[in-house]
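K.L.:
Here you go, one structure.
The values are calculated or read from the model by the stated rules, or taken from the named source; none is laboratory data. Predicted model only: the values in this text are computed from it and were never measured. Here the Cβ positions follow ideal geometry from the backbone for every residue, glycine too, while neighbour counts run over all protein chains shown.
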Amino acid sequence: MNLQQVVRPNILAMAPYSCARDEFKGVASINVDANENPYNNGLNRYPDPRQLKVKELLAPLKGVDVEQIFLGNGSDEAIDLVYRVFCQPGIDNVVAPAPTYGMYQVCAEVNDVEYRAVPMEAETFALQIEDMAAQVDDHTKVIWLCSPNNPSGNAYPQEQLEGFLQRFPNQVVVVDEAYIDFSEVPSMTSMLSKYDNLIVLQTFSKAWGHAAMRLGIAMASKEIIAYFNNVKYPYNVNELTQQEAIKVLNDVPKMKRQVEEILSQRAILCELLSSVKCVEKIYPSDANFLLVKVKDAVQTYFYLQSQGVIVRNRHKVQLCANCLRITIGTPEENATLYNLLKDYEA
């Protein structure tokens, strides 16, 4: 992919903001460059603008170089940066399957970029590849693919995702893997060295159990990540988040244990819900949630809410009529949910 033809001309021409600590290597004995309060309270200094200590722990886990990682304020920052780096407002467009994660369209609208949603296959949520290809034109800069997909829960085969990268070498293909740790389908990070038009998004919010930390991950070629770093705000990830991320990354076994428990509970909850009268269909899931079709999603949603249980009502989402998205909880939470639904039509 020729980045000079894909990146917005103003981004190619810009002189990025640079702080003194971007330009300095090593450990300084005195910091009098950033107009900070000199009295140490642990947070009086600006955080590392490139989050190197976090990236140095993350890189070997993901099988990529430090320079191939961008860290942002949740994956939403990376999603927004994709638009700001590649898409000219009022001119370019992006293509995505529907239904999928809603922030792709929200960020498109914020950035004045045409969003072309292509319906999936109604029963299986399979990608309609030829229909998506028909929407790609000379002004298509990005193809969004969420795998495992939200809200349907299904992951796309790796060979299918690779097919997009091969078929659309002049477009940026973003594979959002927020739920990849719950799937048997391997991550597309192994393809980063092969395809320079690939961006892989991941997060600390799901399997790592740190949604409140707000730390998202984008992995791509060093050139793409360099553009992300040029456009992002200088200190986009605060010091408390960086410190907590280091703690999290030093306890990988804990994350893996929790993922195993969630997968076990996913199977148990799926079996329990299949016996509930109001449940009509449970879609296969590669994520930490189930998409469940019920007789009346709106009434069931408000009934559960009245009992203090919040699920996600997806009834108005394309192809998701009468569907609720239910996150896998603790064994006790799952049992409570099941009992409430079992008693709902008793």
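K.L.:
Restricting to the range 97-130, count the residues that are closer than 21 Å to Phe168 by Cα and either not assigned by TED's automatic domain parsing to the domain that holds Gln160 or not charged (D, E, K, R) (or both).
P.N.:
Number of matching residues: 16.
K.L.:
Related question: Applying the selection to the range 39-66, what residues are among the aromatic types (Phe, Trp, Tyr) and exposed (fewer than 12 other Cβ atoms within 10 Å of the Cβ)?
P.N.:
Answer for the range 39-66, where residues must be among the aromatic types (Phe, Trp, Tyr) and exposed (fewer than 12 other Cβ atoms within 10 Å of the Cβ): just Tyr39.
K.L.:
When you check Leu52 against the structure, is it within 20 Å of Ala245 (Cβ to Cβ), more than 19 Å from the chain's Cα centre (by Cα) and hydrophobic (A, V, I, L, M, F, W, C), yes or no?
P.N.:
yes
K.L.:
In addition: I need the full set of residues from the range 6-38 which are in a loop (DSSP other than H, G, I, E, B), touching a residue at least 24 places away in the same chain (Cβ under 8 Å) and either surrounded by 13 or more Cβ atoms within 10 Å (Cβ to Cβ) or small (Gly, Ala, Ser) (or both), in order please.
P.N.:
Val7, Arg8, Pro16, Cys19
K.L.:
Could I ask something else about it? I'm checking my understanding of the structure. Among residues of the range 317-334 that are in contact (Cβ under 8 Å) with a residue 24 or more places away in the chain and assigned to a helix (DSSP H, G or I), which one is surrounded by the most Cβ atoms within 10 Å (Cβ to Cβ)?
P.N.:
Checking each candidate, the answer is Asn334.
K.L.:
Also, quick follow-up: When you go through Ser183, Ser187, Ser152, Ser205 one by one, which is the residue that is buried (at least 23 other Cβ atoms within 10 Å of the Cβ), within 23 Å of Thr327 (Cα to Cα), small (Gly, Ala, Ser) and modelled with pLDDT of 95 or more?
P.N.:
The unique qualifying residue is Ser152.
K.L.:
Kindly indicate whether Ile143 is surrounded by fewer than 22 Cβ atoms within 10 Å (Cβ to Cβ), among the aliphatic types (A, V, I, L, M) and either touching a Ser or Thr at 6+ places or on another chain (Cβ under 9 Å) or assigned by TED's automatic domain parsing to the domain that holds Ala220 (or both).
P.N.:
It is false that Ile143 is surrounded by fewer than 22 Cβ atoms within 10 Å (Cβ to Cβ), among the aliphatic types (A, V, I, L, M) and either touching a Ser or Thr at 6+ places or on another chain (Cβ under 9 Å) or assigned by TED's automatic domain parsing to the domain that holds Ala220 (or both).
K.L.:
Same structure, new question: Residues in the range 11-30: is at least one within 27 Å of the chain's Cα centre (by Cα), more than 22 Å from Met213 (Cβ to Cβ) and hydrophobic (A, V, I, L, M, F, W, C)?
P.N.:
yes
K.L.:
Also, quick follow-up: Do any strands (runs of 3 or more DSSP E) lying entirely in the range 49-165 carry at least 3 residues that are within 23 Å of His315 (Cα to Cα), and which ones are they?
P.N.:
Once the strands (runs of 3 or more DSSP E) in the range 49-165 are filtered for at least 3 residues that are within 23 Å of His315 (Cα to Cα), what remains is 93-98, 114-119, 140-146.
K.L.:
Next question, about the same structure. Mind checking which helices (runs of 4 or more DSSP H) fall wholly inside the range 232-316 and carry at least 2 residues that are over 29 Å from Ala59 (Cα atoms) and in contact (Cβ under 8 Å) with a residue 40 or more places away in the chain?
P.N.:
Where helices (runs of 4 or more DSSP H) fall fully within the range 232-316 and carry at least 2 residues being over 29 Å from Ala59 (Cα atoms) and in contact (Cβ under 8 Å) with a residue 40 or more places away in the chain, they are 252-273, 297-306.
K.L.:
So, in the range 177-225, how many residues would count as being touching a residue at least 60 places away in the same chain (Cβ under 8 Å) and not in a loop (DSSP other than H, G, I, E, B)?
P.N.:
Qualifying residue count for the region: 16.
K.L.:
Only one of Leu269, Leu291, Leu240 is on the phi < 0 side of the Ramachandran plot, in contact with a Leu (Cβ under 7 Å, 6 or more places away or on another chain) and at pLDDT 95 or above; which?
P.N.:
Leu269
K.L.:
Also: For residues in the range 15-68 being over 22 Å from Ala226 (Cβ atoms) and of a type in the set (S, T, N, Q), which is modelled with the lowest pLDDT?
P.N.:
Ser29
K.L.:
How many residues are small (Gly, Ala, Ser) and under 17 Å from the mean Cα position of the chain (by Cα) when one looks only at the range 84-131?
P.N.:
Going through the range 84-131 one residue at a time, the tally reaches 4.
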